[in-house]
Structures are given as structure tokens and as C-alpha cells.
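Undergrad: Below is a structure I'd like to ask you about.
The values are calculated or read from the model by the stated rules, or taken from the named source; none is laboratory data. None of the values given here were measured: they were computed from a predicted structure. Using ideal geometry, Cβ is built from the backbone for each residue, glycine included, and neighbour counts are taken over all protein chains shown. Please note that ligands, DNA and RNA were not included when accessible areas were found on the heavy atoms of the full protein model with its side chains. Shrake-Rupley method; radii C 1.70, N 1.55, O 1.52, S 1.80 Å.
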Amino acid sequence: MKDYIRIPSPLGMLRVEAEGGCLAAIRPEEGVPRRAEEPLLRAAEEWLRAYFAGERPEPDALPLAPAGSDFSRRVWERLRAIPYGESISYGELALELDSAARAVGGAVGRNPLLILIPCHRVLGAGRKLTGFAWGLERKKTLLELEGISYRE
């Protein structure tokens with residue numbers, strides 16, 4: 001069974017889910033804040049608060065277990081290697097993974113752990129702002145927080 005917290009953020013209320021000792025999902029969800037006693041969820045809340053405060057929390061500090069295909073997990077692992085404040089294009093990512101940009105884009109769009117697996121750091125060709133599961137305004141917020149330039 002998944003335990004969860006709900007925390008306020010600059011993106012709106014976020015639901016953070018844990019299952020089996022790992023974080024499984026982060027997504028926007030309306031409602032009132034909800035605290036949890038589980039240490040992992042408390043650590044996730046602290047990590048997210050630090051991130052939104054402009055700090056650079058250790059990207060590998062929390063255990064993650066996103067559910068997805070082998071290919072999706074491979075894409076997500078590569079996303080985790082994109083440093084804070086940097087970006088990559090879908091085309092570059094596809095080339096690195098020896099795949100089609102469309103397939104990579106699909107995996108990026110299915111990322112269940114937004115922010116912790118920083119899919120917001122993936123831009124279109126020419127640094128063009130493109131798709132984000134939570135909407136482009138939220139993607140802009142994350143990019144601007146990290147000082148990543150983009151064009152609309």
C-alpha cells in the first residue's frame with residue numbers, strides 16, 4: 001500500500017507517494033497538506049523544500065522506484081544524470097540512447113517522479129520550450145528556478 005504526503009510548492013499542491021521503501025510518484029493534487037510519519041516521506045518533503053528554496057539537494061539522496069518499462073527506466077536514469085541548471089534536447093537524448101526522439105519523448109512524458117527525475121530539463125531543438133506533463137507554466141517555473149534558458 002502506498003503511503004503519501006501532500007505538500008504545498010510553487011507548482012501548487014504536490015502528492016508524494018512511497019511504496020516498499022522507495023518513492024514511487026510525485027504529482028499535482030488538490031487538497032490540504034498532509035504530513036506523514038514515515039522517515040522517507042519526511043526526507044522527500046525536506047528535499048523538495050530545499051530544492052524550491054533554490055538549494056541543490058543531492059540528486060541521489062532518495063531511493064526511487066518509478067514503475068515503467070525497461071526502456072522508460074533507462075531514459076529516466078539518463079535524466080537523473082542531467083546536472084542542476086543544465087538541459088538537453090530530446091534529439092540529443094535520443095542519440096545518446098540510440099533511439100528515436102519520439103520514443104524518448106514518450107518515456108519522458110511518462111515519468112512518474114517529476115522533479116526528482118528532472119524531465120523538465122529536456123527541451124526541444126534550439127532550446128524550445130516543449131511538452132510537460134504538468135503544463136508549460138510549471139515547466140517554466142522549474143527551468144527559471146534553476147536558471148535554465150529556453151525560448152518559447
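Undergrad: Taking ASN111 as meeting all but one of (1) outside any loop (DSSP other than H, G, I, E, B); (2) in contact with a Cys (Cβ under 6 Å, 6 or more places away or on another chain), write down the number of the exception.
TA: Only one criterion is unmet by ASN111, namely (1).
Undergrad: Cβ-Cβ distance below 7 Å, separation of 6 or more or different chains: which pairs start in region 140-152 with a residue that is more than 19 Å from PRO59 (Cα to Cα) and end on one that is assigned to a helix (DSSP H, G or I) and open to solvent by less than 30 Å² (accessible area, probe 1.4 Å)?
TA: The qualifying pairs are TYR150/LEU143.
Undergrad: Restricting the search to region 82-91, which residues are without any contact (Cβ under 8 Å) to a residue 60 or more places away in the chain and more than 12 Å from the chain's Cα centre (by Cα)?
TA: Correct list: PRO83, ILE88, SER89, TYR90, GLY91.
Undergrad: If you scan region 92-130, which residues turn out to be among the charged types (D, E, K, R) and either touching a residue at least 12 places away in the same chain (Cβ under 8 Å) or open to solvent by less than 10 Å² (accessible area, probe 1.4 Å) (or both)?
TA: Within region 92-130, GLU96, ARG110, ARG121, ARG127, LYS128 qualify.
Undergrad: Sticking with this structure for a sec: If you take the residues in region 21-60 that are under 22 Å from GLY147 (Cα atoms) and assigned to a loop (DSSP other than H, G, I, E, B), which one is most open to solvent (accessible area, probe 1.4 Å)?
TA: It comes out as ARG56.
Undergrad: Let me spell it out: the conditions are (1) of a type outside the set (Lys, Arg); (2) within 13 Å of the chain's Cα centre (by Cα); (3) closer than 14 Å to ILE117 by Cα, and PRO28 meets all of them except one. Which number is the exception?
TA: Failing condition for PRO28: (3).
Undergrad: A further question on this structure: Go through (1) farther than 18 Å from ILE26 by Cβ; (2) in contact with a His (Cβ under 9 Å, 6 or more places away or on another chain); (3) part of a helix (DSSP H, G or I) for GLY106 and report which single condition fails.
TA: All conditions pass for GLY106, except number (2).
Undergrad: Which of the numbered conditions does VAL75 fail, given that it passes all the others? Conditions: (1) open to solvent by 40 Å² or more (accessible area, probe 1.4 Å); (2) in a helix (DSSP H, G or I); (3) of a type in the set (Val, Ile, Thr).
TA: (1)
Undergrad: Considering only residues that are within 14 Å of the chain's Cα centre (by Cα) and of a type in the set (Phe, Trp, Tyr), which ones fall in region 103-152?
TA: Within region 103-152, PHE132, TRP134 meet the criteria.
Undergrad: Here's a follow-up. Taking region 78-100 on its own, how many of its residues are outside any loop (DSSP other than H, G, I, E, B) and within 16 Å of PHE132 (Cβ to Cβ)?
TA: Number satisfying all stated conditions: 5.
Undergrad: Counting just the residues of region 4-19 that are open to solvent by less than 80 Å² (accessible area, probe 1.4 Å) and outside any strand (DSSP E or B), which one comes out nearest to GLY135 (Cα to Cα)?
TA: LEU11
Undergrad: Checking GLY68 against (1) open to solvent by 40 Å² or more (accessible area, probe 1.4 Å); (2) part of a loop (DSSP other than H, G, I, E, B), which test does it fail?
TA: Result: GLY68 passes all but (1).
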